[in-house]
Amino acid sequence: MRVLVIGSGGREHALLLGLSRDPSVSDLHVAPGNAGTAALATNHAVDVASADAVVALAREVAAELVVIGPEVPLVLGVADALREAGFATFGPGARAAQIEGSKAFAKDVMAAAGVRTAHSEVVDNPAKLDAALDRFGPTWVVKDDGLAAGKGVVVTTDRAAARSHAAECLEIGHPVLLESFLDGPEVSLFCLVDGDTVVPLIPAQDHKRVGDNDAGPNTGGMGAYTPLPWLPDDVTRQIVDDVVKPVAAELVRRDTPFSGLLYAGLAIGADGPAVVEFNCRFGDPETQAVLALLKSPLGQTLNATATGTLADLPPLEWEDGAAVVVVIAAENYPGKPRTGDAIIGAGGEGVLHAGTALDAAGQVVSSGGRVLGVLGVGADLAEARAQAYERIEAIKLPGAHHRTDIGRAALDGEISI
Ligand code: GLY
């Protein structure tokens, strides 16, 4: 099977790595890819937000399966264009992708599906902002009602900071969503969805804040681990039955069936799971850890989802043990990152590339905020962490930073529900 992957991050590098292990996958292409994906696939410099350009590339490489990683092309309808052109495509069409593209749409679907989520209000008029803020907080949760690569959310006990983020969004014409704060540890549960068939992967936990002990601003994600020793299996089943299946069914009812990966981000509070957000694609960096433990062939799994035969797929198989990914970020990330620095150790084992490129001399340089993800896999969380942090020692990037506590609270038994 010839597979074309769309995207350029650590998630796409992990998808390619998983696909390369599937004996049914013969040929891998990626657009645009990064310096690391070039070792596994042919990189193609194509604008992935352009449906015409992606369809032309799929034709050129005679793709038998196209896997779309990031949300932007999904929300722009690239999957619709590929399906119309006859390509088996992993990823939802534009209407179903609104589950991530519009937080207001997601709330509406959840209300109709009877799914627990935070109480929320949309504010689109600056004159109504102060009164709305008074109805929330502390803690305030302010979300840009659009795609913001994980950085559009501010969670704060400081009303002035909440106000300032909301005002900035409104100034650029984006409505904001104010939400009640959901307490409890967070879980990312990725589910393959094909209409109303739902197959969960193993749950993971992201670390969204930039600094150790959850200090500093939100990022796209600084590291993740899987599975979650503190999360009972029946809670995972409850999330599938009470959250993901009803949402998938509601999308079918609205004649916008979801096909691809539905990512439920939840807080597990005293009253059970409640949805923080839905995404319409694999999460980054959780995917890097989750796929490291997948034993089933990834190409066949994604193809079954893309071709509407997910219900016929044998149960997914997983390695025992645990996986951890630690993100190495460029100086100043999540602000405007410093780029163009040479990276030493980027070719090491377990190193997944995200914001990297090859310079004119063929050297790997940083080209984005999240530069690398370093994986560790072991018999348990302690071993997996130890391996990831040991591998990081061999990597040198001027000004880079990473969290030193990925998975630590779970390992120390500090997370309970
Ligand atoms: N891990 C956060 C995200 O993928 O949005």
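Per-structure values
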{"read-out": "Which listed residue is surrounded by fewer than 22 Cβ atoms within 10 Å (Cβ to Cβ), under 26 Å from Asp144 (Cβ atoms) and within 16 Å of the ligand (Cβ to nearest atom), from Arg209, Arg254", "value": "Arg209"}
{"read-out": "Options Val198, Val154, Val176: the member that is on the phi < 0 side of the Ramachandran plot, within 16 Å of the ligand (Cβ to nearest atom) and touching a residue at least 40 places away in the same chain (Cβ under 8 Å)", "value": "Val154"}
{"read-out": "Qualifying positions in segment 1-14 - under 19 Å from Gly348 (Cα atoms) and within 13 Å of the ligand (Cβ to nearest atom)", "value": "Gly9, Gly10, Arg11, Glu12, Ala14"}
{"read-out": "Residue list for segment 253-288, restricted to those being closer than 26 Å to Gly299 by Cβ and aliphatic (A, V, I, L, M)", "value": "Leu261, Leu262, Ala264"}
{"read-out": "Tally, over segment 354-372, of residues that are touching a Lys or Arg at 6+ places or on another chain (Cβ under 9 Å) and part of a strand (DSSP E or B)", "value": "1"}
{"read-out": "Candidates Thr197, Thr157, filtered to the one that is hydroxyl-bearing (Ser, Thr, Tyr) and in contact with a helix residue (DSSP H, G or I) (Cβ under 7 Å, 6 or more places away or on another chain)", "value": "Thr197"}
{"read-out": "Close pairs (6 angstrom Cβ cut-off, 6 or more residues apart or separate chains): among the basic types (Lys, Arg) in segment 318-341, surrounded by fewer than 20 Cβ atoms within 10 Å (Cβ to Cβ) anywhere", "value": "Arg338/Glu331; Arg338/Asn332; Arg338/Gly399"}
{"read-out": "Every pair of residues 6+ apart whose Cβ atoms lie under 8 Å, when the first sits in segment 105-123 and is within 18 Å of Val141 (Cα to Cα) and free of Cβ contacts under 8 Å to residues at least 24 places away in the same chain while the second is among the β-branched types (Val, Ile, Thr) and assigned to a helix (DSSP H, G or I)", "value": "Phe105/Ile99"}
{"read-out": "Enumeration of residues in segment 378-402 that are out of contact with any Asp or Glu (no Cβ under 8 Å at 6 or more places or on another chain), in contact (Cβ under 8 Å) with a residue 24 or more places away in the chain and among the hydrophobic types (A, V, I, L, M, F, W, C)", "value": "Leu381, Ala382, Ala384, Ala388, Ile392, Ala394, Ile395"}
{"read-out": "Output for segment 265-279, where each listed residue is of a type in the set (Val, Ile, Thr) and either more than 14 Å from the ligand (Cβ to nearest atom) or under 11 Å from the mean Cα position of the chain (by Cα) (or both)", "value": "Ile268"}
{"read-out": "Every pair of residues 6+ apart whose Cβ atoms lie under 6 Å, when the first sits in segment 285-310 and is closer than 16 Å to Gly373 by Cα while the second is of a type in the set (D, E, K, R) and surrounded by fewer than 20 Cβ atoms within 10 Å (Cβ to Cβ)", "value": "Leu293/Glu319"}
{"read-out": "So Leu291, is it within 22 Å of the chain's Cα centre (by Cα), part of a loop (DSSP other than H, G, I, E, B) and within 29 Å of Ala79 (Cα to Cα)", "value": "no"}
{"read-out": "Every residue from segment 280-312 that is polar (S, T, N, Q) and within 16 Å of the ligand (Cβ to nearest atom)", "value": "Thr287, Gln288"}
{"read-out": "Odd one out for Leu262, checked against (1) among the aliphatic types (A, V, I, L, M); (2) within 16 Å of the ligand (Cβ to nearest atom); (3) in contact with a Leu (Cβ under 7 Å, 6 or more places away or on another chain); (4) assigned to a strand (DSSP E or B)", "value": "(3)"}
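Rule-based calculations on the coordinates, nothing more; no lab input. Since we're looking at a predicted model, the values are computed, not measured. Cβ coordinates were reconstructed from backbone atoms using ideal geometry, including for glycine residues, and neighbour counts include every protein chain displayed.
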